[in-house]
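Enquirer: Structure incoming, see below.
The values are calculated or read from the model by the stated rules, or taken from the named source; none is laboratory data. Worth saying up front: this structure is predicted, and the values here are computed from it rather than measured. Here Cβ is always computed from backbone atoms with ideal geometry, including for glycine, and neighbour counts include all displayed protein chains. Quick note on the areas: whole protein, heavy atoms, side chains included, nothing else; ligands and nucleic acids left out. Shrake-Rupley method; radii C 1.70, N 1.55, O 1.52, S 1.80 Å.
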Amino acid sequence: MSPAAAVPDAADAVCDGALHMQVQQDRPMPLAGELSCAPGELLALVGPSGAGKTSLLRCLAGLMHPHSGRITVGGQVWLDTARGVCLPPQRRHVGLVFQHYALMPHLSARDNVALSLLHVPRAERARRASAWLEHVRLSPEQQRRRPAALSGGQQQRVALARALAREPALLLLDEPFSAVDQMNRQGLYDLLADLRQVLRIPIVLVTHDLAEARQLADRLVVMDAGRVLQQGTPEQIYRSPRNARVADLVGVQNRFAGRWLGPLAPQDEADAAGWLEWLASDGTPTGQRLRVRDKRRLRVGQRVTWVVQGDALHIGAEVQEACAGGPIGCVALRAQVVARRNLGETTFAELALDGAPGVRLRITRAGPQRRALQAEGWLQVRLDCDWVHVMPVRTG
Amino acid sequence: MDWTALWLSVELAAATLAVLLPGGLWLARWLARTRFAGKALVEGLVVLPLVLPPTVLGYYLLVSLGAGSPIGRWLLQTFDLRLTFNFLGLLVASVVFNLPFMVQPIQRAFEAIPPALIEAAAVSGLGRWATLWRVELPLAWPGILSAAVLTFVHTLGEFGVVLMMGGSIPGQTKTIAISIYDRVQAFDLASADRMALLLLLLSLLAVAASFFATARLMRPRA
């Protein structure tokens, strides 16, 4: 390996091992975005298929070359189209776990791992390959098998060991759990969590499974049609999606239409609050007005989309608890359960709003709190308005 | 039994293999990996000897490489080289004629390697040669083996092209297939019988051995 592989970059004074990426291209497929990932952090790229998640990952690995962009890892420049720098995959210290493992079918598990250790002497190679495979909990007998004689979960572990054996500066996981059954998946989640304790490198995970992304990732990067739409912690994104498309993509359940009325009283100005007229999806008023947080980004009279997390909806006995809305406050509603689905320990219910039967509130409750959802007739519902997030409707 | 003819055929088959294996391997891998305008034309040219009557192919080779042709004249004047009615001429004809038998199976074998494996090799740090040596060749091996056997056996029994290009000079261009034809023409059916049977058995043995080896290679090993 030539010394040119490690070009230190003065512009990136931070040499802490963090990943910084910025890409931009229109053809052959649009791809645009900027992201960073600190060492030890797990970043999940989420979005529908064709959103460009895997393409972004391939750019990081050096398997795809974006038209313009810049990638640095720990201050080392991997790609800088402005300066004509583009390291081949061989010279990027990257571990990539492929979606369908991509193990060599003609080699044993151990030889597969040893393949990424060609730079070390032969005897040492076998010893290290075995050590990595033991680390991912593969027995010596299993290590001698070819991939075809291993289960999906075991193949996945071999793929992970192969990626780690390179002692990468960046770990990339492309839908790593999609082909593994649920039982083995939990084991792999645990393995990944353990590895994160040991490895202080940035980890980028591509997944279309939102539950998985929320469970594993420190931060989410929401992508659609080749573009990064929003990034932040799962909590931030679910609570305040940037726009209606993001709300759709991350599966925000309580999404409604409205009209922005703006501040109506001097006290509203003082509290940084504004009024929102709740509309049914066809635009007819529901008769409800909500006093919500005003970020001064909306025009009065503008049509808006707004979302609220299930956590902000209180029903039955929960209504007695103190309103946590602060100066923004809460609103009391009346609704009726119109659909109910029990899934194991959780119940999912749809509530029709009094006066606007077309508007549905979606609530999930687990354990003893499910009882409130079993009631027939009208229910008291309290909506914590501080959790309401208002977005402009995208026109065109 | 015309042992000289048999030996000549074996020599020709071995020489053809020696030339065509590295060349065919390179051409097949290039065709499998590259996409370019006019690729269909190149592939068509490679397959052409398969569909052309051997006598037609032999005729064109004779006409284009013979001493009367510009190429033939140039070869003769520059290198003092003749490509007709000698072993070298047979070799050239045999190489051209066997091109599809060598290239096609190997090309299919390379094409069957999932691109993700090549990418996985690159990400694992393997350069071009290491990838070729440790990943591509082992995976394409059954295709390469069957192509080599096919080429060898096919050359052993080749008749039309060899006759056109080489005539029938004993010890130089009279191969076993031509010898069989000669014996039949001379009503020496007993000799023809023996040689034909030998050729049949040799071919069967080689093809069966390659199938056996391929099946062993493909068998998943615990």
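Enquirer: If the elastic network links every pair of Cα atoms under 10 Å, which of B:Val95, B:Val153, B:Val135 fluctuates the most in the Gaussian network model of chain B?
Expert: Comparing B:Val95, B:Val153, B:Val135 in the GNM, the peak value goes to B:Val135.
Enquirer: Further question on the same structure: Just read off the accessible area of A:Thr81 with the full protein assembly in place, 1.4 Å probe, to the nearest 10 Å².
Expert: Accessible area of A:Thr81: about 50 Å².
Enquirer: Using a simple spin-label model with points 7 Å from Cα along the Cα→Cβ vector, what separation in nm is obtained for A:Arg242 and B:Gln172?
Expert: About 8.1 nm, to one decimal.
Enquirer: Residues of region A:289-320 with backbone nitrogen within less than 17 Å of a virtual label 7 Å along the Cα-to-Cβ line of A:Arg340, please, listed as ranges.
Expert: A:315-318
Enquirer: Counting partner chain Cβ atoms within 10 Å of every residue's Cβ in A:104-116, what's the average?
Expert: 4
Enquirer: What does the structure give for B:123-136 when I average, per residue, the other chain Cβ atoms found within 10 Å of the residue Cβ?
Expert: Average neighbour count from other chains, rounded to a whole number: 5.
Enquirer: Please arrange A:Cys330, A:Cys385 by accessible surface area, largest first, computed with a 1.4 Å probe and ligands excluded. Each step should come with its number before you reach the end.
Expert: On the way: A:Cys330 45, A:Cys385 5 Å².
Of A:Cys330, A:Cys385, the descending order of accessible area is A:Cys330, A:Cys385.
Enquirer: Test of understanding: in a Gaussian network model of chain A with alpha carbons linked when under 10 Å, which of A:Gln253, A:Gln90, A:Gln99 would top the mean-square fluctuation ranking?
Expert: A:Gln90
Enquirer: Semi-axes of region A:253-392's equivalent ellipsoid from the Cα gyration tensor, sqrt of 5 times each eigenvalue, largest first, rounded to whole Å?
Expert: Whole-Å semi-axes of the equivalent ellipsoid: 27, 16, 12.
Enquirer: Given only helices, namely DSSP H runs of n ≥ 4 each adding -39500 (n - 2.57), what is the per-residue ellipticity at 222 nm of chain A, to the nearest 500 deg cm²/dmol?
Expert: Computed mean residue ellipticity for chain A: -6500 deg cm²/dmol.
Enquirer: Just for the Cα atoms in region B:93-222, what are the lengths along the principal axes, largest first, rounded to whole Å?
Expert: So the three principal-axis extents are 66, 33, 19 Å.
Enquirer: Continuing with this model, one more query. For region A:15-99, just the Cα set please: Rg and Dmax, both in angstrom.
Expert: Radius of gyration, then largest Cα-Cα span, for region A:15-99: 12.3, 34 Å.
Enquirer: Between A:Asp209 and A:Val319, what is the label-point separation in nm under the 7 Å Cα-to-beta-carbon projection?
Expert: Taking the simple label geometry, A:Val319 and A:Asp209 are separated by 3.9 nm.
Enquirer: For the Cα atoms of chain A, what angle does the longest principal axis make with the long axis of helix A:122-135, in degrees from 0 to 90, nearest 10?
Expert: It is inclined by approximately 20 degrees.
Enquirer: Now for a different question. Between B:Ser64 and A:Arg27, take the C-beta separation as r, use R0 = 60 Å, and let me know the FRET efficiency to the nearest 0.05.
Expert: After rounding to 0.05, the efficiency reads 0.85.
Enquirer: Computed FRET efficiency, Cβ-Cβ of A:Gln267 and A:Gln380, R0 25 Å: what is it to the nearest 0.05?
Expert: Values: r = 26 Å, r/R0 = 1.03.
Rounded to the nearest 0.05, the efficiency is 0.45.
Enquirer: Could I ask something else about it? When chain A is modelled as a GNM with alpha-carbon springs shorter than 10 Å, which of A:Leu150, A:Leu31, A:Leu160 fluctuates the most?
Expert: A:Leu150
Enquirer: Angle check, please: helix B:189-218 long axis (alpha carbons) against the longest principal axis of chain B (alpha carbons), in degrees 0 to 90, nearest 10.
Expert: 0
Enquirer: Related question: Mean projection of the alpha-carbon convex hull of region A:103-221 over all orientations, in nm²?
Expert: 7.4
Enquirer: Quick one: which residues, 5+ away or cross-chain, put their amide H under 5 Å from the amide H of A:Gln230? H built at 1.01 Å from N.
Expert: Residues meeting the amide H criterion: A:Val222.
Enquirer: In whole Hz, with x marking every Gly and Pro, tabulate ³J(HN,Hα) for region A:168-184 from phi via Karplus 6.51 cos²θ - 1.76 cosθ + 1.60, θ = phi - 60°.
Expert: Going residue by residue, I get x, 8, 8, 10, 10, 10, 9, 6, x, 10, 5, 9, 10, 6, 3, 5, 5 Hz, with x marking Gly and Pro.
Enquirer: Please report Rg over Rh for region A:161-218, where both radii come from the alpha carbon positions and Rh follows the Kirkwood definition.
Expert: With Rh from the inverse mean 1/r over Cα pairs, Rg/Rh is 0.93.
Enquirer: Using a/c under 1.5 as the rounded threshold, could you call chain B rounded, prolate or oblate? The axes a ≥ b ≥ c are square roots of the C-alpha gyration tensor eigenvalues, and prolate needs a/b larger than b/c, oblate otherwise.
Expert: It is oblate, given that a/c is not under 1.5 and a/b is not larger than b/c.
Enquirer: Hey, for a label at B:Arg128 modelled as a point 7 Å past Cα toward Cβ, could you say which residues of region A:78-98 have their backbone N under 16 Å away?
Expert: A:88-91
Enquirer: If you average 1/r across every pair of different Cα atoms in region B:37-135 and take the reciprocal, what Kirkwood value do you get, in Å?
Expert: About 16.5 Å, per the Kirkwood formula over Cα pairs.
Enquirer: Residues of A:93-101, mean number of Cβ from any other protein chain within 10 Å of their own Cβ, rounded to a whole number?
Expert: 3
Enquirer: Another question about this same structure. Enter the accessible area of B:Ile144 (Å², nearest 10), with the probe set to 1.4 Å and all protein chains included.
Expert: Surface open to solvent at B:Ile144 totals about 10 Å².
Enquirer: Please report the projected area of the protein assembly as shown's Cα convex hull averaged over all directions, in nm².
Expert: For the Cα atoms of the protein assembly as shown, the hull's average projected area reads 41.3 nm².
Enquirer: Give me the distance in nm between label points sitting 7 Å out from Cα along the Cα-to-Cβ direction at A:Glu134 and B:Thr78, one decimal.
Expert: So the two model labels end up 6.4 nm from each other.
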